[in-house]
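What follows is calculated from the coordinates using simple rules that are stated; it is not laboratory data. Predicted model only: the values in this text are computed from it and were never measured. A quick note on method: Cβ atoms are made from the backbone with ideal geometry, for glycine too, and the neighbour counts reach across all protein chains shown.
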2 protein chains.
Amino acid sequence: MDVTYRVERLVPGATVRVGSVDVRPGGKGVNVARVLHALREPVLLAAPAGGETGAELRRELAGLGIPARLVPDAEPTRRTVTTVDDDGEATCLVEPASITSWAEVLTTVENELTEARALVVSGSTPTGVPPLGMRALVRAGKAANVPVLVDTQGPALVEAVEAGCDVVKPNVHELEDVRPDHDPVRAARDLTDRWGTVVVVSRGEEGVMATTPHGTWVVRPTQAVAGNPTGAGDALVAGLARSFARDEVTLGTFEETLREAVALSVAAVHSPTAGEVDLAAYDAALGSVMVTNLDGVG
Amino acid sequence: MDVTYRVERLVPGATVRVGSVDVRPGGKGVNVARVLHALREPVLLAAPAGGETGAELRRELAGLGIPARLVPDAEPTRRTVTTVDDDGEATCLVEPASITSWAEVLTTVENELTEARALVVSGSTPTGVPPLGMRALVRAGKAANVPVLVDTQGPALVEAVEAGCDVVKPNVHELEDVRPDHDPVRAARDLTDRWGTVVVVSRGEEGVMATTPHGTWVVRPTQAVAGNPTGAGDALVAGLARSFARDEVTLGTFEETLREAVALSVAAVHSPTAGEVDLAAYDAALGSVMVTNLDGVG
């Protein structure tokens, strides 16, 4: 759950009165599900949920109409408290994540995959997920013959690629962390060439760079995008998942897939809340996204 | 609910990883009830409780074995998030308090008073309490013929005194706020002379000053007290309530009442957690508290 506190100013050591409190479902997986739901795509969120914060998550997702299989967990679902001061400066307090229900979560994902057209695995790895947990999730998706898209970091990102996932979406730092190379194109190309994975690298305001076995693309918004960048990466993943779920992604359509996904992330920036997209902004952004094939293959 | 986050350092504008999370029932009324419960006094906590945080409060109080009448409220119970960094510096984020169940809370207090020997009203006034809400609580106590002790601030403190409550426990700032006078003895004496209220002024490490219709007392710990001052005032109130509930407080016993209450607040400082008291520290402190009658009447 994402908690936002409006404060005049965050002064370390002081007692700070909170002006208003906003509590809503958050986290990368939830954001991806919310964007797909906003696009009227059938989506199912599978996640552990524990304690009163887990109950709150369950209630809020039901209120948003997002179908979910929330697996009861002995650890309370974590909260992230962000203070936003009068100058707009945000300070984020991130609770540690820990789960006890890994086995049940994996079983739930495996069971639900019989109805699925794609599997998205998003977020950091909580304590309680065993080594090769990510591999088990990717393999479950492969066994169900659906495309698997992964947005994570560190060892789990390497695990996902090595297990044969179809798409990863690191940002520049996450990519450099697993493939130390100051040139992100070369680092992404290396992963793609070795494992066949489509690597879509999010680069903030600069847009996206993508490597596939068939080429390398750069995607840029042609207009400056102002707003809240939180959740833009999740909207990008949602857009990619939508295309891959439709069997739409072929060599000829990959540029359109990138265009739509980046336009969605632009629309997410326009929305003040992570996990929401402005559909009018999406339509507008579709025409202002420039896709360039770096090697003329696509 | 009091939430404590251990952090390395709270840097405004940064993403701060929380090392550990501690969640426990908090607030002045809860602390008073916890101290009385630790002293094996029969106590009943009446309070509004809403949302998942209210459910958490209910569960935690049950776990502590503290009897409570928690009135369902449409507003979520507030949380207070305190970050404590590696240098021990605490930053406290206080959510606004708002309730919808005032009428039911008042009725609950009125009903439970038939079994009570004292009424303690503690804490700030949430939005949703009508003007003269404090007066209604004090009058309920007077109608039930029990002593009423109030620990609050601002207009509600004035209301409590004017409604004839038996004891108020402002700190120096709260007293000065309602009786602007740089001399706290004169300010307290003024309230006592005009309304008959016993005024016990908490002054942190300097101890306590008390005015009654029969005299003025200064109470000091004779040894420096190191520890966590949060909840010391609540332990003081709990100690006063215990004595007043026993019909023990007469002119001859008031010094002993003050000694015990201040010793309890010393014991609370020795405990790392607000609302808990170290009973061994209490026994030790009893002998090291010095009570002085400023006018030789007591």
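Data overview
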item	result
Antiparallel bridge percentage (DSSP; both residues within the stretch B:1-76; nearest 5)	45 percent
In order through the stretch A:230-239: 3J(HN,Hα) via Karplus (6.51 cos²θ - 1.76 cosθ + 1.60), integer Hz, x for Gly, Pro	4, x, 5, x, 5, 5, 4, 4, 4, x
Relative contact order of chain B, defined on C-alpha pairs under 8 angstrom at six or more residues apart (%)	14 percent
Cα-based shape type of the stretch B:123-281, given that a ≥ b ≥ c are square roots of the gyration tensor eigenvalues and the cut on a/c is 1.5	rounded
Inter-copy spacing of A:GLY63 label points, which lie 7 Å from Cα along Cα→Cβ, given in nm from shortest upward	2.5
Rounded Å value of the spacing that divides the Cα centres of the stretch B:176-223 and the stretch A:137-185	67 Å
Label spacing, shortest first and in nm, from B:ASP87 to its equivalents in the remaining copies (7 angstrom along Cα→Cβ)	2.0
Anisotropy class of chain A from Cα gyration tensor, a/c 1.5 cut	oblate
Cα centroid separation - the stretch B:242-298 against the stretch B:35-79, whole Å	26 Å
For A:GLY231, net neighbour charge (Lys/Arg +1, Asp/Glu -1) across residues whose Cβ lies under 11 Å away	-1
Close Lys-Lys pairs in the protein assembly as shown, where close means Cα under 21 Å and separation is 8 or more or interchain	4
Net charge of Cβ neighbours under 10 Å - reference B:GLY13; Lys, Arg +1; Asp, Glu -1	-3
For the axis carrying chain A to chain B: nearest C-beta residue of A, whole Å	A:GLU52, 2
Chain A - share of DSSP beta bridges that are antiparallel (%, nearest 5)	55 percent
Sparsely packed trypsin sites (Lys or Arg not before Pro) within the stretch B:3-97, loop by DSSP, other Cβ within 10 Å at most 14	B:ARG9, B:ARG40
Shape category assigned to the stretch B:80-211 from the gyration tensor of Cα positions, a/c cut at 1.5	oblate
Dipole of the protein assembly as shown [Lys/Arg +1, Asp/Glu -1 at C-beta], most positive-end residue of B:VAL291, A:PRO147, B:VAL81	A:PRO147
Per-residue [θ]222 nm for chain A (sum of -39500 (n - 2.57) over DSSP H runs n ≥ 4, rounded to 500)	-11500 deg cm²/dmol
For A:VAL150, residues with placed amide H under 5 Å, excluding near neighbours	A:VAL121, A:VAL167, A:VAL168, A:LYS169
Relative contact order computed over the stretch A:23-154 (Cα-Cα under 8 Å; 6+ residues apart), in percent	21 percent
Inter-copy spacing of A:ASP177 label points, which lie 7 Å from Cα along Cα→Cβ, given in nm from shortest upward	4.5
Estimated dipole of the stretch A:162-298 in Debye, rounded to 20 [Cβ of Lys and Arg +1, of Asp and Glu -1, Cα centre]	100 debye
